[in-house]
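**Student:** Input: one structure, supplied below.
The values are calculated or read from the model by the stated rules, or taken from the named source; none is laboratory data. Computed from a predicted model, the values in this text were never measured in an experiment. With ideal geometry, Cβ positions are generated from the backbone for all residues, glycine too; neighbour counts draw on all protein chains shown. Heads up: the accessible areas ignore ligands, DNA and RNA and are worked out on the full protein's heavy atoms, side chains in. Shrake-Rupley method; radii C 1.70, N 1.55, O 1.52, S 1.80 Å.
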Amino acid sequence: MIVYLIASILIAAAAFLVRRERQLFLTGVLFYAVQAAFACAILFGGLYDTTSASWFRFDAPGTLFYVLLCIVSAFAYFHSEAYLRDNDLVQTRAYSGLVMLLTTAIAGSYFASNLAVTWIFLEATTLCSAGIIYHRRTAQTLEAAWKYVFVCSTGIAMAYLGILLLAAATDCESLDYAEVAAAAPHGNALYLKIAFLLIVCGYSCKMELFPLYTVGIDANFAAPSPASALISTGLVNAGFLAIFRVYRVVAATEVFTWARSVLLIVGVLSLLIGALFLRRTNNYKRFLSYSTVENMGLAAIGLGVGGAGVWAAVFHVVCHTFIKSSLFLQMAVVRQVYNGYRINRIGDYIHINRVGAMGLLAGMVILVAFPPSPLFLSELMILREAIVGGRWWLVAGLLLLLCIVIYSFCSRMLRLCYQPNQDELHPSKVDRALSWSALTLLAAAMVLGLWQPDFLRELIGQITAL
């Protein structure tokens, strides 16, 4: 792991120093070759289920989400080349280096086997993301970057207090997840509850959950769309995994039922906020960001209901990674055409870029969980578990809010594709190869909706074994 971190950081540093765009492209190829080689070493080279440097472990959740990260980050990076075509080399190489550093920091948080190491890498993602948000060097992006740093730092500080309380509650000298989990059943119940609450609230800025979800909305709005594809999936997954690991720590304690109730409340509030703001926003990037809040709310509800809902929550996050990254990459093409994301100003996309429009419409169908969407399976499992548990209030609330989400998503996407375009807008030419590329991620999600490979089922089964 140390070799991987050093190699990735050195390549990212080289990206800041190159003098030609061709050299920058080759640096990106080298960086993602390292990522692919590391993934293969874990999957096929004997690294899986081993430890490294006492602080990292190549376990099932880290491996699964790292493979997803490699795919999404590579798509985001190479789509950025077209998105940033008109930028000067200084801005482009700074952006490229920061994307590489962000990918490395996210990977470090995935494999961290220590609460403090996870915290350090998530804090590193804050700095990298802030630089990406400020890429355009405008007053608006500067404000968004400072807001992101301030709110995320506040959230990370809350999580740090939670980690300290968790260590105090378990009287554990090490912050290794396995050792803390072994000591947790004998810990102070009050301290465990407060620690869990602080960690969930703190890391909600990364997972884009209530209460600190707003910082993710602003980050995705200000950042370039390809980077938003990475932030709203890879980084959100890092937040999910950080909370999920603590969820597993308290699974054998007397506060576990209380912790699940907390996640239920947080999930329902996130779903409520996402559903309502999908109707209010007038920007397609914010629209997709609120959809992320809604989907992460569903994942939190899955953890809250327990049982098969935990498997469904992990599967939901995995499939959301493919779907949401595809839609953000399609939005990058939309900006290439219209030079904006205003919902009430752009339209007739079906006649300008038929491939991209079909990608958005297919993404709409899959994201609102119509078959063959894999989200249909995960949401059905969560609803079933809620019914089995006798939570009829939750079932009614979920169905109502999901109906609002379906209506909002369908109305907005149909408007983009079919409503008459404004006369003062002059659409530009479009690179349809980018739309086809983004469509491959959506196709991967559709395959998972129809067929889940045995190894994926087994891997998620290992992750969710409590």
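**Student:** I want to make sure I understand the PRE zone here: with the label point 7 angstrom from the Cα of S174 toward its beta carbon, which residues in region 32-52 have backbone N atoms less than 13 Å away?
**Tutor:** 51-52
**Student:** Next up: Over the Cα atoms of region 1-51, how large are the radius of gyration and the largest Cα-Cα distance (Dmax), in Å?
**Tutor:** Cα radius of gyration and Dmax of region 1-51 are 12.9, 41 Å respectively.
**Student:** Then there's this: Ranked highest first by average number of other Cβ atoms within 10 Å, how do 8-20, 223-235, 61-73 line up? Show your work: numbers first, answer last.
**Tutor:** On the way: 8-20: 15.9, 223-235: 28.2, 61-73: 22.6.
Per-residue mean Cβ counts within 10 Å order the peptides as 223-235, 61-73, 8-20.
**Student:** From the phi of every residue in region 378-392, what ³J(HN,Hα) in whole Hz does the Karplus formula 6.51 cos²θ - 1.76 cosθ + 1.60 yield, where θ is phi - 60° and glycine or proline is x?
**Tutor:** Calculated HN-Hα couplings, in order: 5, 5, 5, 5, 5, 4, 4, 5, 5, 5, 4, x, x, 8, 5 Hz.
**Student:** Could you run the Karplus curve 6.51 cos²θ - 1.76 cosθ + 1.60 with θ = phi - 60° over region 110-124 and give me ³J(HN,Hα) per residue in whole Hz, x for Gly and Pro?
**Tutor:** For region 110-124, the Karplus curve yields 5, 8, 5, 9, 10, 4, 5, 5, 4, 4, 5, 5, 5, 5, 4 Hz.
**Student:** Placing unit charges on C-beta atoms (Lys and Arg positive, Asp and Glu negative, everything else neutral), compute the dipole magnitude of the chain about its Cα centre in debye, rounded to 20.
**Tutor:** With Lys and Arg at +1 and Asp and Glu at -1, about 1160 debye.
**Student:** Here's a follow-up. When the helices in the chain are scored as -39500 (n - 2.57) per DSSP H run of 4 or longer and the sum is shared across all residues, what 222 nm value do you end up with, to the nearest 500 deg cm²/dmol?
**Tutor:** Helices in the chain give a 222 nm mean residue ellipticity of -26000 deg cm²/dmol.
**Student:** Which percent of the accessible heavy-atom area of the chain goes to carbon and sulfur, probe 1.4 angstrom?
**Tutor:** The C+S portion of the solvent-accessible surface of the chain is 65 percent.
**Student:** Report ³J(HN,Hα) in whole Hz for each residue of region 317-330, in order, from the Karplus equation J = 6.51 cos²θ - 1.76 cosθ + 1.60 where θ = phi - 60°; Gly and Pro get x.
**Tutor:** 5, 4, 5, 4, 4, 5, 5, 5, 5, 4, 5, 5, 5, 5
**Student:** Please give me the summed charge of the neighbours of T253: other residues whose Cβ is under 13 Å from its Cβ, Lys and Arg +1, Asp and Glu -1.
**Tutor:** Computed value for this residue: +2.
**Student:** What net charge is computed for the residues neighbouring T141, neighbours being all others with C-beta under 12 Å from the C-beta of T141, Lys and Arg scored +1, Asp and Glu -1?
**Tutor:** Here the count lands on +1.
**Student:** What accessible area per residue, rounded to a whole number of Å², is obtained for the chain using a probe radius of 1.4 Å?
**Tutor:** Computed with neighbouring chains in place, this is 38 Å² per residue.
**Student:** Can you give the net charge of the other residues whose Cβ lies under 13 Å from the Cβ of G307, counting K and R as +1 and D and E as -1? Write out the running numbers ahead of the final one.
**Tutor:** Details: positive: R260, R384, R391; negative: E385.
Net of charged neighbours comes to +2.
**Student:** Given region 96-154, report the % of alpha carbon pairs whose separation exceeds 20 Å.
**Tutor:** 28
**Student:** I've got another one for you. Farthest toward the dipole's positive end in the chain, which of P185, M381, A242, given Cβ charges of +1 (Lys, Arg) and -1 (Asp, Glu) about the Cα centre?
**Tutor:** Value computed over the given set: M381.
**Student:** Calculate log10 I(q)/I(0) of region 60-165 for q = 0.19, 0.21 Å⁻¹, where I(q) comes from the Debye formula with a single equal point scatterer on each Cα and nothing for solvent.
**Tutor:** Per q value, in the given order, log10 I(q)/I(0) is -1.03, -1.15.
**Student:** What are the residues whose amide H is under 5 Å from the amide H of F56, where those residues sit 5 or more places off or on another chain and H is modelled from the backbone?
**Tutor:** S113
**Student:** Could you name the lysines whose alpha carbon sits less than 27 Å from that of K285, not counting residues in the same chain fewer than 8 places away?
**Tutor:** Excluding near neighbours in sequence, the set is K147, K206, K324, K429.
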